[in-house]
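Peer 1: Starting off with a structure, shown below.
The values are calculated or read from the model by the stated rules, or taken from the named source; none is laboratory data. Treat the numbers as computed from the prediction; the structure is a model and nothing was measured. Cβ coordinates were reconstructed from backbone atoms using ideal geometry, including for glycine residues, and neighbour counts include every protein chain displayed. These area figures cover heavy atoms from the full protein model, side chains too; ligands, DNA and RNA do not enter into them. Shrake-Rupley method; radii C 1.70, N 1.55, O 1.52, S 1.80 Å.
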Amino acid sequence: MTWAGPILLMALAGILVGGAVSLRRNGKLPAAVVTGLLAVAAFGGGLYLVYG
């Protein structure tokens, strides 16, 4: 059960990356950048929980 947090954070990161790509295709670059940064933060949080 200790892996649930990192797995959920990395899944959230994947969903956010997909959203950022979709936003970029629709011409909403600022929103895509913000969403991409949130994805990086979520992925980094997952890595921190695993290795930190």
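Peer 1: Filter segment 1-10 down to the residues that are surrounded by fewer than 13 Cβ atoms within 10 Å (Cβ to Cβ) and of a type in the set (G, A, S) and list them by number.
Peer 2: A4
Peer 1: Please work out if L47 is of a type in the set (A, V, I, L, M, F, W, C), at pLDDT below 95 and part of a helix (DSSP H, G or I).
Peer 2: Against the criterion (of a type in the set (A, V, I, L, M, F, W, C), at pLDDT below 95 and part of a helix (DSSP H, G or I)), L47 qualifies.
Peer 1: Could you please tell me which pairs satisfy a Cβ distance under 7 Å, a separation of 6+ or placement on different chains, a first residue in segment 28-44 that is farther than 18 Å from L9 by Cβ, and a second residue that is open to solvent by less than 80 Å² (accessible area, probe 1.4 Å) and part of a helix (DSSP H, G or I)?
Peer 2: Listed pairs, sorted by first residue: A31/L23; A32/A20; A32/L23.
Peer 1: Report the residue count in segment 27-44 for those that are at positive phi and either in a helix (DSSP H, G or I) or at pLDDT 95 or above (or both).
Peer 2: Going through segment 27-44 one residue at a time, the tally reaches 0.
Peer 1: Further question on the same structure: Can you name every residue in segment 13-40 that is out of contact with any Phe, Trp or Tyr (no Cβ under 8 Å at 6 or more places or on another chain), open to solvent by less than 80 Å² (accessible area, probe 1.4 Å) and within 19 Å of Y51 (Cβ to Cβ)?
Peer 2: G14, A39
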